[in-house]
């Protein structure tokens, strides 16, 4: 098996994809794409904004903040 940088956490991402039916090369490419996408500033900003909005929704849904 080829060692991949994101498999250092015990290979959980790789193992999960293999268990889901992906071939080893497909799984490694998906992990690489995931790692590459999270490195991009614009993508990171979108994810952060989405998390902030999710938190605000949670606050409103749990009566911690009014509309």
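Read the figures in this text as sums done on the coordinates, not as results from a lab. Please read all numbers here as calculations on a predicted model, not as lab measurements. Virtual Cβ from ideal backbone geometry, glycine too; neighbours counted across all protein chains shown.
The residue pairs whose first member lies in region 10-30 and is at negative phi and in contact (Cβ under 8 Å) with a residue 24 or more places away in the chain, whose second member is loosely packed, with under 14 Cβ neighbours inside 10 Å and not in a helix (DSSP H, G or I), and whose beta carbons are closer than 8 Å, counting only pairs six or more residues apart or on different chains, are 28/2.
None of 66, 25 is within 23 Å of residue 11 (Cα to Cα) and surrounded by fewer than 10 Cβ atoms within 10 Å (Cβ to Cβ) except 25.
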